[in-house]
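A quick write-up on the structure given underneath.
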Amino acid sequence: MTDRRVLCSCAITGGMSVPGQSKAIPVTPQEIVDSAVDAHEAGAAIVHIHVREPETGRPTSDLGLFKEVLGGIAERCDVIVQPTSGGGVGMSIDERARVVSECRPEMATFNCGSINFGIFQVSHRPEMAQWETEYLESTRDYVFRNTFADIYRLSEIFREAGTKPEYEVYDVGHLYNLRHLADQGLVDTPLHLQFVLGVLGGNAATLQQLLHMHGTAVSLFGADSFTWSAAGVGYPAEFHLAATSIMLGGHIRVGLEDNLRVAPDRRAGSNAELVEKAMTLAGLLDREPADAAGARELLGLDRATHPAG
Ligand code: KMH
Ligand code: ZN
């Protein structure tokens, strides 16, 4: 490994979860901004952002809330602010993509294929509001839609906005979808891949599947054509995949969007706590955190062209 820097992304609040799952999940714009700044101070170079209705905590694609959060974070620190174009249950692709075309962030997520995305097995707690249990249950019959028409159009939207996609791949076939986009001239290299493993409906969060997907990506794109990161959904998957990625020279994603625990018997009190544990792992395995400037260098980003974050 020639470059010891590891890029840590923190997924702050999420869209495929409900706030009743953990008191630590930030909900209001102010809570999301504060949590993102704290995660950056703990070592995250990227913060991955969804927004929620402040009154209820329900995931939304409201542009005003996105602007408030993106602007609020950019005012306080130089972390790479990466909004979602994945959104949450019930949002159309147009609604999901609007944050990219309107806010023109330097980076945003780009989901490479459709999958079943089940969160109905999450424990239903008595304190959850009715909409929360309904939201979880509705995913028994939910397809996270990213058709070829959708991803062709998203590719154009990202290019027009000058936004670097982080390509989210949940299963091996998504890598072949991305290869197809590249063959159509819709992908700029070097590309950045996020292996998201452990979603019910996608591939499993096992070391074998991470290695298989990484190997497939190497064969499809060439090892020098991409940077990559791993996001394990759930505990201990989040940290097992982080450790593997750290050892293999990849990058990492942690955060309350993906996992709520820091230990088998201890829930995370904050996103910063999850980042701190990941940074401890990195240090033990001889990697060092990339700061925001280092992360921009690794990803080929130019903040000057995206002043709003
Ligand atoms: N919720 C994660 C499993 C996105 O926001 O575009 C995937 C994700 C996708 O973060
Ligand atoms: Zn997300």
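The values are calculated or read from the model by the stated rules, or taken from the named source; none is laboratory data. These numbers were taken from a predicted model, which means no experiment stands behind them. Don't worry about glycine lacking a Cβ; one is built from the backbone with ideal geometry, like all the others, and counts go over all protein chains shown. To get the accessible areas, we keep the full protein, side chains included, count just its heavy atoms, and leave off ligands, DNA and RNA. Shrake-Rupley method; radii C 1.70, N 1.55, O 1.52, S 1.80 Å.
Quick notes
- The listed residue being of a type outside the set (Val, Ile, Thr), in contact with a Cys (Cβ under 9 Å, 6 or more places away or on another chain) and closer than 26 Å to residue 50 by Cβ, out of 276, 257: 257
- Counted residues, region 26-49 - those being open to solvent by less than 10 Å² (accessible area, probe 1.4 Å) and within 16 Å of ligand 2 (Cβ to nearest atom): 9
- Residue in region 264-278 that is more than 24 Å from residue 106 (Cα to Cα), away from ligand 1 (no atom under 16 Å from the Cβ) and assigned to a strand (DSSP E or B) present: yes
- Among the residues making up region 102-147, a single one is part of a helix (DSSP H, G or I), more than 14 Å from residue 89 (Cα to Cα) and of a type in the set (D, E, K, R): 102.
- Flag if residue 283 is open to solvent by less than 20 Å² (accessible area, probe 1.4 Å), modelled with pLDDT of 95 or more and either within 16 Å of ligand 2 (Cβ to nearest atom) or part of a helix (DSSP H, G or I) (or both): no
- Residues of region 74-87 satisfying the condition of being among the hydrophobic types (A, V, I, L, M, F, W, C), assigned to a loop (DSSP other than H, G, I, E, B) and under 12 Å from the mean Cα position of the chain (by Cα): none
- Among the candidates 74, 97, residue that is out of contact with any helix residue (DSSP H, G or I) (no Cβ under 9 Å at 6 or more places or on another chain), surrounded by fewer than 24 Cβ atoms within 10 Å (Cβ to Cβ) and hydrophobic (A, V, I, L, M, F, W, C): 74
- Selected residue (only one of 64, 90 is closer than 30 Å to residue 149 by Cα, part of a helix (DSSP H, G or I) and open to solvent by 40 Å² or more (accessible area, probe 1.4 Å)): 64
- Of 199, 172, 187, all but one fail to be within 24 Å of residue 53 (Cβ to Cβ) and either away from ligand 2 (no atom under 16 Å from the Cβ) or touching a residue at least 40 places away in the same chain (Cβ under 8 Å) (or both); the exception is 199.
- Whichever residue in region 235-268 is closer than 16 Å to residue 210 by Cβ and charged (D, E, K, R) and, among such residues, is nearest to the chain's Cα centre (by Cα): 253
- Helices (runs of 4 or more DSSP H) lying entirely in region 148-253 (those with 2 or more residues that are open to solvent by less than 10 Å² (accessible area, probe 1.4 Å) and closer than 21 Å to residue 271 by Cα): 237-248
- Residues located in region 123-147, provided they are among the aliphatic types (A, V, I, L, M) and either open to solvent by less than 40 Å² (accessible area, probe 1.4 Å) or under 21 Å from residue 27 (Cα atoms) (or both): 128, 129, 136
- Subset of region 1-21 [at pLDDT 95 or above, more than 15 Å from ligand 1 (Cβ to nearest atom) and either of a type in the set (Gly, Ala, Ser) or in a loop (DSSP other than H, G, I, E, B) (or both)]: 4, 7, 20
- Residue check, residue 104 open to solvent by 40 Å² or more (accessible area, probe 1.4 Å) and free of Cβ contacts under 8 Å to residues at least 60 places away in the same chain: no
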